[in-house]
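To keep things clear, I will list the structure first and then write my remarks on it.
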Amino acid sequence: MIVRSVLLVARSNLRRRRGQTLLIGSIIGLSVLLFFTGVGILREIERPLTLMFERQRGAHFTMVFDARIHAPDSVLSWWRAQPGVSLVGEATPTVALMERSYARSAALSTFLFVTERPLHPEGGPDSLRILEGAPHALPAPGEVWIPTSLAYDAHLTAGDTLEIPAADGLVPLVVGAVVVDPVFSAPFNNPIRVWVAPGSLPSYFKASSLNRVIASVRLATPARGDALWAAFVKHLGGAFNGNVYDYAGVRNGYTAPYVLMAAMIVAFSALGFLVALFAIQGTVTSAMLADFRMIGILRTQGFTPRDVRRVYELQYLLLAAVALPIGIGIGFFAVSGTINLLTRTIATPVPAGSLVGLGALTFVLFLALVYVFVVQVARAAGRVRPADAIRFGAQSTGTARVGISLSRLRRFPVPLLLGIRNLGLQRKRAIFLGVAIVFAALAAFLAVNLDHSFEAMRGNLASFGFDAASVRVSRVGRRFQIRHEALMTALRERPGVKAVATWDGIDGNVEVTPGGPNRVLFGTAVDGDIDGVGFENIRGRNPKGPGEISLAVRTAQSLKQDVGGRVTLNVMGAPLEFQVVGVYQSIDNTGEGFRIRLEAVRIANPLWMPVEYGLVLADGVAPAPFIAGLEAEYGEAVDAKAGDYFVHDQLEAVTSGLRMANGFLAVVFLLAAAVFIVNTTLLTIAENRRIFGILKTAGMTPAQLRMSVVSGVGVQAVLGLVAALVVWAVAARALLSVLFSGVGMVAFPLQNSLIGMAVVVPVILLFCLASAWVPSAAVLDVNPKALIVE
Amino acid sequence: MTTLLTTRKLGKTYQVDAVPVPSLAGVDLAVVAGELVVLMGSSGSGKSTLLYLLSGLERPSEGEIDFDGQRIDRMDETELSLLRRAGIGFVFQAINLIPHLTLFENVVLPGYLLEPDRNRVDARARELLDSMGIGRLADRLPAQVSGGEQQRVAIARALINSPRALFADEPTGALNSAAGSAVLDAFRAINARGQTIVMATHEVKSACIGDRVVFLKDGRIEGEYRIRDSAAGPAEREAMLLAWLVEQGW
């Protein structure tokens, strides 16, 4: 019977305070939404990849090698004989294009492995999932199947034309299908694989270039991958000459660009969680303080202290039971929507069932937390003495001196004086609110300054690991070619040119540990005035002779090398010994790679010639007319573009993704701070109705009453902004360097935007003040009659 | 003799769940400067409502209130606030000191709202606390002193801006008899210095410090009784007032 009475009072309380019920319900719902979204994304980000890899029998090793060096049959036989290997594919002919392909009359920034589709791919590793195009079993002659990453990057769809550089110039191939290729569909991969009809490569390329094959191996036990690879290299006599793509690298290719965003989401969900817990506790406390007389009445009607506690426990459990599923439900769409956006190139949605367990766990966790908090707070309700509660309501009997004394603040206007003093009275709440403002400000600073840094990247590509050339020239034009030496000399002597350097992609095989497994690194062969075009090192210098190398920072870390060390690099089959003279950082290729001199490459292949050139123009020489002049002179023998073109081509997707993510997070943080400020303001007013009544009676005007509430938030916002500015000044560069180290930027070249900061700081301050000003209107409803006891 | 406060056909009707509940109707009252007027009546008679209306804490439903030449009933909330700040002091039965401020800070706070020279406010506060006999307790918190001492602080707070009228709602209602007597002595003393006071009470002893008693019943003034016209001693005054109140239907 008493349970029914308790339920009756609990439901009546919820209905009676609709506004407060809605407020607490929305805070609970919002906090669970944030928590579920943050944890959900972190937990699920790899699941679509794992699922796709499972469904499409993704290869754990994809080897590209010269059939003249390693006999394909021997390689495949060895793998088939190993325990723990589930599938070994055919060794299919492939051509690694070292020249640019074209689509929609524009050069692609991605290089291609043009690979023949096996005649019988069924049951083998790396099955393809066709997203667009005719569902044939194999590409038709004249067709090319491209991975989603290339299709989205170059805006290609089925029926479009892809032009590849072949023996007789550019060959147009019709895009027959857009496919999910397990190993090569990660965004920002370079090079990537495209498929052509079986037996069609000889009709496009010279026989001399048809020596490479690509072979895939899928493991039953991926954990044995390292041991198997080491055994394979040993079987080959100590070195594998070719490229290998392992599962860890593939996974990194899918997830690395989102490392920063994932870290931000974790920080955000942690703060959101703390804010929510405190808001729930504070709101329940204030609701109870306001209910003191009602509690007294209930006690006189026979409610035991336990029954009174149960009223509140039940009241907020009912509310949480409604709010939590709503928050989790919205979070479900947020998680699956975000992950599907992040992994759109693999077109594998997050399986609905995978989030059900997390949702249930989150529901139980939050319900338990709400219950624990309410039980703690509701103890006070059980201790209420009926007579005192009915007569005086909730009165403070505190004898502790808290806050700053008025004499210290007497020079301030009274509303500000009261606002500052209230901060000292509610220290815990003030600290939480301050932290929320600091986080919101830091998120806004991050969004503004990261955006500015990436914008500045266009003018200072060298700091991100690229060259600082103002014009880039590709020697291999669409129709004709010019010799390297001739072009280099011509460019050096051309008026208006300050510095010329050349570089081109090259791969090298390096021993991770002496006698241990090898790995392939994608690096750069450089020549000319590479200091002049802005190649920088974070330690040491650029290589000057054929025996010198500089390593990208993540490569140096993984090889445990630094300036002064020595590495052996297998370039085009020739083992070359290098001394490490520099370590550089680069966002390109997620911080992996090396730089060696052109002379070193020519030890292995005297005929090797680079195709890319970077020019720094003299002061006052504009790139556009310079490019026009170059093209007028050389026609289609060269391709010239402004130096930052590939920022648009290649990095725009990464930077715009980060901008969106940071902008989104900044907005969410600000909204979270706003919700917290609104809630804190309403709580402060609800808990201090009597004091506001006294102040109103003493002659404070409505505007002064509101200002006394708002000024406290204003002081906190100012302090929070100052703290955020200090934290940003002291820690931003180091923090960003840690966050970006996963993509190769160990010393992030942060460029603070003074204008951006000058705008953001007052905007946040005004936003905080507005967030407090709107709910501060509740103080006007305080009636001094509440001070009068009948 | 200057009339400080005048009401004409003053009325107040509350809306309780959209149902009109009349609390006060047709009240005509005049308070002379320097007078101590006592409002009496049984519970629900409207004395507290009249006190709120006179002090600008509540707005009338009908009628006029003239305070020192200003029409309170026509003032907006900001004008009322400024009037309360400079012209009106209020003392509550529940005392209502701000619990986390010291006694001294409670007194100076309204003064800081009005007077830019805060040294003058501080000096005035110390003077008032001394005059109430609680100057030595100035740095204590309300919870660290007795109820009577708290109420004397509340009176000092009400007087900090030298209001033209002091309103008191059952100022001794929450106090024991000794503390209540001390508070009444304080009222008597400040009234003797020319302070206009309007006090609502249901205690005959408290009412006897006034110049006249206005008796309310069912929201209307039933009659007035002039105490100081009587030359009798305190006990006789109480007896005579009691007899008059009984006659009025108290």
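The values are calculated or read from the model by the stated rules, or taken from the named source; none is laboratory data. Small disclaimer: the values here were computed from a predicted structure and weren't measured. Note that we place each Cβ from the backbone using ideal geometry, even for glycine, and neighbour counts take in every protein chain shown. Calculation scope for accessible area: heavy atoms of the full protein, side chains included, ligands and nucleic acids excluded. Shrake-Rupley method; radii C 1.70, N 1.55, O 1.52, S 1.80 Å.
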- [ ] Please give the contour-minus-distance gain from A:Gln301 to A:Ser105: 0.36 nm per residue of separation, less the Cα-Cα distance, rounded to one decimal in nm.
- [x] 62.0 nm
- [ ] Compute the normalised compactness of the range A:462-643: alpha-carbon radius of gyration over 2.2 N^0.38 Å, N being the residue count.
- [x] 1.06
TODO: Using a 1.4 angstrom probe on heavy atoms only, work out the carbon and sulfur share of the accessible area of chain B in %.
DONE: 49
TODO: Taking the convex hull of the Cα atoms, report for the range A:1-145 its projected area averaged over all directions, in nm².
DONE: 19.3
Task: Stokes-Einstein D for the range A:298-386, Kirkwood Rh over Cα pairs, 10 °C, 1.306 mPa s (µm²/s) - done: 102
- [ ] Compare A:His60, B:His100 by solvent-accessible area with a 1.4 Å probe and give them largest first, with all protein chains kept in place.
- [x] B:His100, A:His60
Open item on the list: At 1.4 Å probe radius, can you tell me the per residue accessible area of the range A:462-643 in Å²?
Closed with: 40
- [ ] Sort A:Glu636, A:Glu54, B:Glu58 from largest to smallest accessible area, using a 1.4 Å probe on the heavy atoms of the protein chains.
- [x] A:Glu54, A:Glu636, B:Glu58
Open item on the list: Probe radius 1.4 Å, ligands and nucleic acids left out: which of A:Ile24, A:Ile538 has the largest accessible area, and how do the rest follow?
Closed with: A:Ile538, A:Ile24
Open item on the list: What does the buried accessible surface come to for B and A, summed over both chains, with the probe at 1.4 Å? Round to 100 Å².
Closed with: 3300
Open item on the list: Relative contact order of chain A, please, whole-number percent, based on alpha carbon pairs below 8 angstrom and at least 6 residues apart.
Closed with: 15
- [ ] Over all alpha-carbon pairs in the protein assembly as shown, figure out the percentage whose distance exceeds 41 Å.
- [x] 57
TODO: Go through A:Lys206/A:Lys234; A:Lys206/A:Lys560; A:Lys234/A:Lys560; A:Lys234/A:Lys544; A:Lys498/A:Lys560 and tell me which ones have a Cα-Cα distance over 30 Å in this structure.
DONE: A:Lys206/A:Lys234; A:Lys206/A:Lys560; A:Lys234/A:Lys544; A:Lys498/A:Lys560
Task: Residue-level accessible surface for A:Phe535, protein heavy atoms, 1.4 Å, Å² - done: 20
Open item on the list: If I take R0 = 25 Å and measure r between the Cβ atoms of A:Ala248 and A:Asp562 in this structure, what FRET efficiency does the formula 1/(1 + (r/R0)^6) give, to the nearest 0.05?
Closed with: 0.60
- [ ] Kindly tabulate the residues in the range A:407-421 with an accessible-area decrease of at least 40 Å² between the chain alone and the assembly of all protein chains, using a probe of 1.4 Å.
- [x] A:Arg410, A:Val414, A:Arg421
- [ ] Please identify the helices of chain A, taking whole runs of DSSP H, that span at least 24 Å along their own axis as judged from the Cα atoms and have a mean Kyte-Doolittle score of -0.5 or higher.
- [x] A:18-44, A:259-290, A:305-342, A:352-382, A:427-457, A:652-687, A:702-741, A:754-773
Task: Cβ-derived FRET efficiency at R0 30 Å, A:Val774 paired with B:Glu77, nearest 0.05 - done: 0.95
Open item on the list: Using a 10 Å cut-off around each Cβ of peptide B:90-102, what is the average number of partner chain Cβ atoms that fall inside?
Closed with: 6
Task: Mean Kyte hydropathy of 0.0 or more with a Cα span along the axis of at least 20 Å, helices from DSSP in chain B - done: B:177-192, B:234-248
Task: Residues in the range B:64-82 that, when all protein chains are in place, have 20 Å² or more less accessible area than the chain alone would give (probe 1.4 Å) - done: B:Glu77, B:Thr78, B:Ser81
TODO: For chain B, give the share of DSSP beta bridges that are antiparallel, in percent and rounded to the nearest 5; count only bridges with both residues there.
DONE: 60
TODO: For every helix of n ≥ 4 consecutive DSSP H residues, a contribution of -39,500 (n - 2.57) applies; sum these over chain A, divide by its total residues, and give [θ] at 222 nm rounded to the nearest 500 deg cm²/dmol.
DONE: -16500 deg cm²/dmol
Open item on the list: Against the 2.2 N^0.38 Å scaling, with N counting residues, where does chain B land? I'd like the Cα-based Rg ratio to two decimal places.
Closed with: 1.00
TODO: Using a 1.4 angstrom probe on heavy atoms only, work out the carbon and sulfur share of the accessible area of the range A:462-643 in %.
DONE: 52
- [ ] Using Cα pairs closer than 8 Å and at least 6 residues apart in sequence, work out the relative contact order for the range A:462-643, in percent.
- [x] 36
TODO: Straight distance only, please: which lysines reach the Cα of B:Lys217 with their own Cα at less than 25 Å, same-chain residues fewer than 8 apart left out?
DONE: A:Lys785, B:Lys9, B:Lys12, B:Lys47, B:Lys205
- [ ] At 1.4 Å probe size, with every protein chain present, just tell me what the per residue accessible area of the range A:297-346 comes to in Å².
- [x] 44
Open item on the list: Between A:Glu485 and A:Asn340, what is 0.36 nm times their sequence separation minus the Cα-Cα distance? Round to one decimal in nm.
Closed with: 47.3 nm
